[in-house]
Structures are given as structure tokens and as C-alpha cells.
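Enquirer: Questions regarding the structure given below will be posed in turn.
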Amino acid sequence: MTAKTLPGQPHIAYRGNELFIENVRLADLARQHGTPLFVYSKAAMLAALGAYQRGFAGRKAQICYAMKANSSLAILQLFARAGCGFDIVSGGELERVLAAGGDASKIIFSGVGKTRTEMRRALDAGIGCFNVESEAEIDVLNEVALAAGQRAPVSIRVNPNVDAKTHPYISTGLKGNKFGIAHERALTTYRHAAALPGLKVVGIDCHIGSQITQESPYLDAMDRVLDLVQAIEATGIPLHHIDFGGGLGIDYNGDTPPAADALWAKLLAKLDARGYGQRQLMIEPGRSLVGNAGVCLTEVLYLKPGEQKNFCIVDAAMNDLPRPAMYEAYHQIVPLTPRQGANTNWDIVGPVCESGDWLGRDRMLNVQTGDQLAVLSAGAYCMSMASNYNTRGRAAEILVDGIQSHLIREREYASDQMRGEKLI
Ligand code: LLP
């Protein structure tokens, strides 16, 4: 039977009239496990990682999966086994990596608001590097490390003031953003950090934003960072590694980001030309490793045609898939078993009591009550941003591997949510 893959989703395809992920029929998973249900393809994640690994062949490079994109334990385990380190942004993420069997020495700790407790725990665990984001944080980390009788490995996140040309909420490398230390202050800050007895300067890093679909912001940021590397090393502070952050976009709806290996071929050519090609490199990709490896299955509860709008009410909502409500993000929505006949224009909305609870607007679909739909590109920043709003339990998650499917997270019930609460 010929398979018809969907744009941007090589591991998800219609066989005949049924949607499959790898070799598993999605309707079977929906029947067995109920909806809403996240389903991920292991092969898709490894293929996405493979593009980076190919791009770095023959180089000293460490891929640190930015686990905020999807922090489910089995996914962390998959990337740990594939050799990845992790970019973390909280003490909670650190505990997840350790629970999943990740190597602490391959962890980098980013984020503007690390607490002393988080710093101490990360030092004790022996993480690879703290990406510090302010002068105040540098001083606190120095104190925490001295009190622990250790030297904290640090890299300073510089803000290169480059426009990532993405949604303003996920753009991080501009002067008006809270992230990183301004390019002009970087040298002074490095001198300060290098003089502190509790710190050991090991690198430099930058991250300019997310869902970047052009290569020019990366090339510009790299030039700015390499200018700094040169200036910092000229003052006698050696930098062991250069970390270029994450941010590579995925195809949600005809987006055309560069492939990871093609992008890195260009970036490495620039590094070579400037004499830094053999330096230890680090990157922190999140979305591009998992985004198009996952779907969220949902069932049509009610159809509510109206004068101005037709609403298709499904059992997944903004608490499961927050990206449309938060960023007006577009996710393709397709039926698991398409029907013959004419399409109608529907707004696909969830049960949450907010007008902002929509998953897709103006979608041409032929649907009936009880049909199942797949929200595509749901592997990144969906489950990890899911909430319990309206006391909705978070969905279950399945990892598919060939013909096998593994339940990697059980559905959450009200009793799970109320654990820890007390009546007075
Ligand atoms: N490194 C740092 C320091 C970051 O802040 C981020 C993402 C990454 C790496 C990974 O970026 P990625 O490769 O995934 O683009 N919730 C938003 C995305 C927020 C990204 C936050 N930082 C969304 O759903 O679009």
C-alpha cells in the first residue's frame, strides 16, 4: 500500500485512509488509551538528532538537548542514550535528567533566575557548566561555590543584539530582552568573573531566539560572538568552548527552516575561516529535535455550527496545547480517518472556559461527532507547557518505536492533582 506522508512529517503518513505514526495506526492508540493523547515517533527524534550529528561529524561538539521543549523522562532517556547532554533551566529539570540516567557532566544550566539552592544542587551533582546571565548572578554563584568548597564552571551568555526574526515572545537576543549580558559589557564581566576564586571560566554562549527559519541571524550572531572570543582571549582569559544555543525552527505550516546539517555546514565554514573550527562547540537545540516527532490526538465532542462561526469542539484544549492561545501559533490539524465529501470551515476549539481556547481557526474539514483528529507538530512545547487549568488532567503520552508503542506517561486524574492539597 502506498503511504502518503504529510508535509514536514516524514514519520507520519496515511496508509489507505488511515493515519499512521511509524508502523502504528493512530486510531488504535486513541481507542486503547483514550484522548487527548500525545504520541511521539522515536525514529523521528533520532532522525532529527542525526541531522545535527552529521553536521558535526569530525568536530568536537556536544549536543545538549534543551529539555524544556519536552521533558518527559523516556524522551530524556532516549537522548541520553544517543549521547546527548542537556540544557536545563531549573532544579526540577536537573532532577529529571538525573532520573532519566543523563550524564551530569554534560549538563549546562541556563536561565536568568537560578536560586542558591538550585546552584548548590547543580554543583553537588557535578554539572558541566553554568550559563550565567547577569553580573549579580555571577557574584551569587561565586559565593555558593566557595561555601561548597568548589569552583563553578561558568560560561557567560552574551546578548549579541541580533534580531532572530521570530515571534516577539520567543526572541531573546535583542537589547530589550531580559536574557544575557549586553555585548558591550561582556569583556568587563569576563574580567570580573575570571578574578573570582569560586569560578572557573570555561566558555561563552548565546541563544538568540526560537523557531528561527532563516540562517542569517545565526551567521550574524556567530560573527558577534567570535569578535568577543577574540577580545576576551586577548586579555588572557582562555575559552574552552563556544555554545551557540538552540533556536532552529521546524515546518509547522510550510515554514522552510534550513536543515540542521546544511545550517551547520555554513556556520562551520565561518568558524574555520576565522580559525575556531577545532574549538569545542556546544549547541542547545530543543524544538528541532522533537517538534515534528509528536502529534496530539483528540476526539470531536460536539459540532456547533453558527451564524458567524462553526465550532468543532474537541476534547483537547489550551491546557494541553497552549501554543495557539499564547502565540497564535499554527498547528496543522488532520483527521485520523478522512471522510469523503465536502469540507466545512471550522474553528477547532477546546472545552476550557476561555475564548482564547482554540487550537485552529478556519480549518476546512469534513468532520462528525466522534471523529478523531491529530494536531501535528505537537512534540515540542506542548506537553512541557501543559497545565491543569479547569482541573483538567494532563494527557497520557506514548512513544512509538516501529510496530511497538510504549506508554511513557499515564493520564493524570483529579486525585493526582489534589495530592498535597489540604482542607482546613
Ligand atoms: N537554549 C536556551 C537558553 C533557550 O532559552 C531555549 C528556548 C533553547 C535553548 C531551545 O530553543 P529551541 O531550539 O527549542 O528553539 N514556548 C515557546 C518556545 C520558547 C523557547 C524558550 N527557549 C514556543 O512554544 O514556541
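Enquirer: Name the residues in the range 49-71 that are open to solvent by 40 Å² or more (accessible area, probe 1.4 Å) and either near the ligand (Cβ under 10 Å from one of its atoms) or among the basic types (Lys, Arg) (or both), would you?
Expert: Arg54, Arg59, Lys60, Lys68
Enquirer: Just to be sure I understand, how many residues within the range 90-145 are within 16 Å of the ligand (Cβ to nearest atom), over 15 Å from Arg157 (Cα atoms) and free of Cβ contacts under 8 Å to residues at least 24 places away in the same chain?
Expert: Looking only at that region, the number is 1.
Enquirer: Any residue that is more than 24 Å from Cys129 (Cβ to Cβ), under 27 Å from the mean Cα position of the chain (by Cα) and free of Cβ contacts under 8 Å to residues at least 40 places away in the same chain - is there at least one of those in the range 227-250?
Expert: no
Enquirer: Right, here's the next one. For the range 146-164, how many residues meet the condition of being among the aliphatic types (A, V, I, L, M), touching a helix residue (DSSP H, G or I) at 6+ places or on another chain (Cβ under 6 Å) and more than 15 Å from His192 (Cβ to Cβ)?
Expert: Final tally of qualifying residues: 3.
Enquirer: Hey, can you tell me all the residues within the range 279-291 that are away from the ligand (no atom under 12 Å from the Cβ) and either of a type outside the set (A, V, I, L, M) or surrounded by 24 or more Cβ atoms within 10 Å (Cβ to Cβ) (or both)?
Expert: Answer for the range 279-291, where residues must be away from the ligand (no atom under 12 Å from the Cβ) and either of a type outside the set (A, V, I, L, M) or surrounded by 24 or more Cβ atoms within 10 Å (Cβ to Cβ) (or both): Arg279, Gln280.
Enquirer: It is to be established whether one or more residues within the range 300-308 are part of a loop (DSSP other than H, G, I, E, B), surrounded by fewer than 20 Cβ atoms within 10 Å (Cβ to Cβ) and not assigned by TED's automatic domain parsing to the domain that holds Arg363.
Expert: For the range 300-308, residues part of a loop (DSSP other than H, G, I, E, B), surrounded by fewer than 20 Cβ atoms within 10 Å (Cβ to Cβ) and not assigned by TED's automatic domain parsing to the domain that holds Arg363: absent.
Enquirer: Moving to a separate point now. Given (1) away from the ligand (no atom under 14 Å from the Cβ); (2) surrounded by 23 or more Cβ atoms within 10 Å (Cβ to Cβ), where does Arg185 come up short, assuming only one miss?
Expert: Here Arg185 meets the rest and fails (2).
Enquirer: For a quick check of your reading of the model, give me the residue pairs whose first member lies in the range 316-337 and is of a type in the set (D, E, K, R), whose second is more than 10 Å from the ligand (Cβ to nearest atom) and open to solvent by 10 Å² or more (accessible area, probe 1.4 Å), with beta-carbon atoms closer than 7 Å and at least 6 apart or on different chains.
Expert: Here the result reads Asp320/Pro36; Asp320/Ala386, each pair linking the range 316-337 to a residue that is more than 10 Å from the ligand (Cβ to nearest atom) and open to solvent by 10 Å² or more (accessible area, probe 1.4 Å).
Enquirer: Restricting to the range 309-351, and then to whatever is within 16 Å of the ligand (Cβ to nearest atom) and of a type in the set (S, T, N, Q), can you tell me which residue is surrounded by the most Cβ atoms within 10 Å (Cβ to Cβ)?
Expert: If we take residues in the range 309-351 being within 16 Å of the ligand (Cβ to nearest atom) and of a type in the set (S, T, N, Q), then Asn319 is surrounded by the most Cβ atoms within 10 Å (Cβ to Cβ).
Enquirer: Restricting to the range 50-94, what's the tally of residues that are assigned to a helix (DSSP H, G or I) and more than 20 Å from Ile408 (Cα to Cα)?
Expert: Selection size over the range 50-94: 7.
Enquirer: Return the residues of the range 309-324 that are in a loop (DSSP other than H, G, I, E, B) and touching a Pro at 6+ places or on another chain (Cβ under 9 Å); say none if nothing qualifies.
Expert: Matches in the range 309-324: Asp315, Ala316, Ala317, Met318, Asp320, Leu321.
Enquirer: Follow-up question, since we're still on this one. When you go through (1) at pLDDT 95 or above; (2) within 15 Å of the ligand (Cβ to nearest atom) one by one for Ala265, which number turns out not to apply?
Expert: (2)
Enquirer: Now a separate question. Whether any residue in the range 271-278 is in a helix (DSSP H, G or I), at pLDDT 95 or above and open to solvent by 40 Å² or more (accessible area, probe 1.4 Å) is what I want to check.
Expert: yes
Enquirer: Okay, moving on. Name the pairs whose Cβ atoms lie under 8 Å apart, with the first residue in the range 277-304 and more than 15 Å from Gln9 (Cα to Cα), the second within 16 Å of the ligand (Cβ to nearest atom) and among the basic types (Lys, Arg), and 6 or more positions between them or separate chains?
Expert: Going by the 8 Å Cβ cut-off, the qualifying pairs are Gly286/Lys68.
Enquirer: Based on this model, can you work out whether Gly101 counts as part of a loop (DSSP other than H, G, I, E, B), at pLDDT 95 or above and outside the structural domain of Ala260 (by TED's automatic domain parsing)?
Expert: yes
Enquirer: Still on this structure: What strands (runs of 3 or more DSSP E) completely inside the range 105-220 contain at least 1 residues that are among the basic types (Lys, Arg)?
Expert: Qualifying strands (runs of 3 or more DSSP E): 152-159, 199-205.
Enquirer: Conditions: (1) of a type outside the set (Phe, Trp, Tyr); (2) more than 24 Å from the chain's Cα centre (by Cα); (3) in a strand (DSSP E or B). Asp28 meets all but one. Number of the miss?
Expert: It is condition (3) that Asp28 fails.
Enquirer: One residue is enough: does the range 393-400 have a residue meeting the conditions open to solvent by 60 Å² or more (accessible area, probe 1.4 Å) and either more than 16 Å from the ligand (Cβ to nearest atom) or outside any loop (DSSP other than H, G, I, E, B) (or both)?
Expert: yes
The values are calculated or read from the model by the stated rules, or taken from the named source; none is laboratory data. Worth saying up front: this structure is predicted, and the values here are computed from it rather than measured. Using ideal geometry, Cβ is built from the backbone for each residue, glycine included, and neighbour counts are taken over all protein chains shown. These area figures cover heavy atoms from the full protein model, side chains too; ligands, DNA and RNA do not enter into them. Shrake-Rupley method; radii C 1.70, N 1.55, O 1.52, S 1.80 Å.
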